[in-house]
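K.L.:
For reference, the structure I am asking about is given below.
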Amino acid sequence: MTGRLVLAGTPIGDFSDASPRLARVLGEADVVAAEDTRRLKRLTSELGIAVNGRVTSFFEGNERQRTDELVAALVEGQTVVVVTDAGMPSVSDPGYRLVAAAIEAGIDVTAVPGPSAVLTALALSGLPVDRFTFEGFLPRKSGERTKRFQELAKEQRTMIFFEAPHRLAASLKDMADAFGADRRTAVCRELTKTYEEVKRGGAAELAEWAAEGVRGEITVVISGADPSARELGPEELAAEVAADEEAGTPRKQAISDVAKRYNVPKRTVYDAVLAARGAAK
């Protein structure tokens, strides 16, 4: 008889959000695989329960190695519960590889639902919730972030990202450049914790706010592209820049203004201007 793999969602901030079922499965598990065993100890202390099974670490650095060990325990008939620092295992956290391996081995996989930073931020953002996409953590390097945003420039669904506080201002600036300065955005900080805060506004406005320094766990929600917005071709974009220049606006500012006006990346406008100049030679 094979065991069962349980993905257990844990509180994203307030420990009192933990469900009675979470407490029960932690107490009954043969093995608890925790992203941070110290945080697990604090959680169980807050819940007033004892973990009677074996506790093992299960984090990004040892996920591949531990997966084989945990699958072996499951095949032997043991119940393995996976918990991460906060939220649902496998969502930007360890767990995906283990789930895939367990399914391949014919193991029953279930979940104890719990709080989600993704859905909590989406609900609090005030942005459309009927269709959305979770994009996870953003690339650390500006060039890679810019490329990601360019790929998402025409995405019409509400987008959700995780970001580190020390990179938030730079990421919001890159978003403003790619999506438009006024693209509606919400920065959700320290959700369910004592200093929970949700800042709403245009991407450029929030980039200026974040430049003063932000702390805590960050989730960014930004509205999708307007499907009714008129899309200009390169020649039309170049013509718009030329018209602004004739009116006395410096080229760099004209490119930025046109990008904002038509909600396209500045790089797209810049390339259109270069192409027009090349064709005029």
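The values are calculated or read from the model by the stated rules, or taken from the named source; none is laboratory data. None of the values given here were measured: they were computed from a predicted structure. FYI the Cβ positions are ideal-geometry reconstructions off the backbone, even for glycines, and counts take in every protein chain you see. Each accessible area value is taken on the protein alone, full model and side chains, heavy atoms only, with ligands, DNA and RNA left out. Shrake-Rupley method; radii C 1.70, N 1.55, O 1.52, S 1.80 Å.
K.L.:
Return the residues of the stretch 231-243 that are over 29 Å from the mean Cα position of the chain (by Cα) and surrounded by fewer than 18 Cβ atoms within 10 Å (Cβ to Cβ); say none if nothing qualifies. Can you show your working first?
P.N.:
At the first step, the residues of the stretch 231-243 found to be over 29 Å from the mean Cα position of the chain (by Cα) are 232-243.
Across the stretch 231-243, the qualifying residues are Gly233, Pro234, Glu235, Glu236, Ala239, Ala242, Ala243.
K.L.:
For the stretch 82-112, enumerate the residues that are over 19 Å from the mean Cα position of the chain (by Cα), on the phi < 0 side of the Ramachandran plot and in a loop (DSSP other than H, G, I, E, B).
P.N.:
Ala105, Ile107
K.L.:
Got a sec? Which helices (runs of 4 or more DSSP H) wholly within the stretch 116-185 have at least 3 residues that are closer than 22 Å to Lys266 by Cα?
P.N.:
Numbers: elements: 117-125, 142-151, 168-179.
So the answer is 142-151, 168-179.
K.L.:
As an exercise: evaluate Gly48 against (1) without any contact (Cβ under 8 Å) to a residue 60 or more places away in the chain; (2) touching a Lys or Arg at 6+ places or on another chain (Cβ under 8 Å) and give the number of the one condition it does not meet.
P.N.:
It fails just one condition, (2).
K.L.:
Would you check which residues across the stretch 15-45 are open to solvent by less than 40 Å² (accessible area, probe 1.4 Å), in contact (Cβ under 8 Å) with a residue 24 or more places away in the chain and in a helix (DSSP H, G or I) and list them?
P.N.:
Those that are open to solvent by less than 40 Å² (accessible area, probe 1.4 Å), in contact (Cβ under 8 Å) with a residue 24 or more places away in the chain and in a helix (DSSP H, G or I): Phe15, Leu22, Ala23, Val25, Leu26, Gly27, Leu40, Leu43.
K.L.:
For the structure I just gave you, tell me whether Val55 is in a strand (DSSP E or B), touching a helix residue (DSSP H, G or I) at 6+ places or on another chain (Cβ under 8 Å) and either open to solvent by less than 40 Å² (accessible area, probe 1.4 Å) or free of Cβ contacts under 8 Å to residues at least 40 places away in the same chain (or both). Give the steps one after another, and end with the answer.
P.N.:
Details: in a strand (DSSP E or B): yes; touching a helix residue (DSSP H, G or I) at 6+ places or on another chain (Cβ under 8 Å): yes; either open to solvent by less than 40 Å² (accessible area, probe 1.4 Å) or free of Cβ contacts under 8 Å to residues at least 40 places away in the same chain (or both): yes.
Yes: the conditions hold for Val55.
K.L.:
Please tell me if Glu190 is free of Cβ contacts under 8 Å to residues at least 40 places away in the same chain and more than 19 Å from Lys266 (Cβ to Cβ).
P.N.:
Against the criterion (free of Cβ contacts under 8 Å to residues at least 40 places away in the same chain and more than 19 Å from Lys266 (Cβ to Cβ)), Glu190 does not qualify.
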